[in-house]
Amino acid sequence: ATLGAVFGLTTCLSAQIREKPEDPLNYFIGGCVTGVVLGARARSYMTGTIACLGFGAAAALMKIGRQEGWRLTGPPRL
């Protein structure tokens, strides 16, 4: 739950500071800070670095995908 709160807070703060609320970079920053917090909890620089890049890239790609209308699956089968 803590990591989710860190992600949400950082993403919102980044959007307010940068004055670009729908920019995928805000989500990358939020994911990266979340990874750093995870690395600090694990007391490992390597874990923090890899988690920063991984979470940041995943969050930015999710935002870009929503903006572009990407779909992983088709409509539900009935």
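The values are calculated or read from the model by the stated rules, or taken from the named source; none is laboratory data. Treat the numbers as computed from the prediction; the structure is a model and nothing was measured. Every residue, glycine as well, gets a Cβ built from its backbone with ideal geometry; the counts of neighbours run over all protein chains shown. Note: areas computed on protein heavy atoms with side chains; ligands, DNA, RNA excluded. Shrake-Rupley method; radii C 1.70, N 1.55, O 1.52, S 1.80 Å.
Give the residues of region 10-25 that are open to solvent by 90 Å² or more (accessible area, probe 1.4 Å) and of a type in the set (D, E, K, R), sorted by residue number.
Within region 10-25, 19, 20, 22 qualify.
Within region 70-78, is even one residue in a helix (DSSP H, G or I) and either small (Gly, Ala, Ser) or out of contact with any strand residue (DSSP E or B) (no Cβ under 7 Å at 6 or more places or on another chain) (or both)? Working first, answer last.
Within region 70-78, the first condition is being in a helix (DSSP H, G or I), and the residues that meet it are none.
Scanning region 70-78, I find no residue that is in a helix (DSSP H, G or I) and either small (Gly, Ala, Ser) or out of contact with any strand residue (DSSP E or B) (no Cβ under 7 Å at 6 or more places or on another chain) (or both), so the answer is no.
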